[in-house]
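Visitor: Let me give you the structure first, and then I'll get to my questions.
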Amino acid sequence: MKNNTDFSVYPNPANNDFTIVFQQASESGEIRISDINSRVIDQFQFINGAQTMKINSINYPNGIYLVQYIDQNNTLTKKLIVSH
């Protein structure tokens with residue numbers, strides 16, 4: 001079964017928080033925020049049916065992050081810049 005879940009991240013660059021918008025929220029999964037060195041900074045469970053998720057980035061140091069959506073069928077990654 002193919003999952004067509006996609007997502008966008010805004011604003012980018014982010015300051016105090018950012019929002020993840022799912023184009024088609026069909027399955028549960030996980031959001032994982034990693035720094036450029038692949039160290040996991042934050043993890044969130046994606047709740048089935050949710051269309052948006054707002055994440056506070058005030059404690060993230062300035063830099064480039066990878067925002068991943070992970071479920072049983074996919075791993076999708078977007079780049080995020082945090083600049084305070």
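Visitor: Rounded to the nearest 10 Å², what accessible area does T75 have for a 1.4 Å probe in the complete protein model?
Guide: Surface accessible to solvent at T75 totals approximately 80 Å².
Visitor: Quantify, in whole percent, the carbon and sulfur part of the accessible surface of the chain (1.4 Å probe; protein heavy atoms only).
Guide: Within the chain, the accessible surface is 47 percent carbon and sulfur.
Visitor: In a GNM of the chain with a 10 Å cut-off on Cα contacts, which of S38, S57, S28 has the highest mean-square fluctuation?
Guide: Checking each option, the largest mean-square fluctuation is seen for S38.
Visitor: Looking at the chain only, what percent of DSSP beta bridges run antiparallel? Nearest 5 please.
Guide: Counting DSSP beta bridges with both partners in the chain, the antiparallel share is about 95 percent.
Visitor: Then there's this: Tell me the per residue accessible area of the range 35-84 using a 1.4 Å probe; a whole number in Å² is fine.
Guide: 66
Visitor: Give me the dipole magnitude in Debye, nearest 20, for the chain about the Cα centre, with unit charges on the beta carbon: positive for Lys and Arg, negative for Asp and Glu.
Guide: Computed about the Cα centre, the dipole is about 140 debye.
The values are calculated or read from the model by the stated rules, or taken from the named source; none is laboratory data. On a predicted model such as this, the values are computed, not experimentally measured, just so you know. Note: ideal-geometry Cβ built from the backbone for every residue, glycine included; neighbour counts use all protein chains shown. Surface areas here come from the heavy atoms of the whole protein model, side chains and all, with no ligands, DNA or RNA. Shrake-Rupley method; radii C 1.70, N 1.55, O 1.52, S 1.80 Å.
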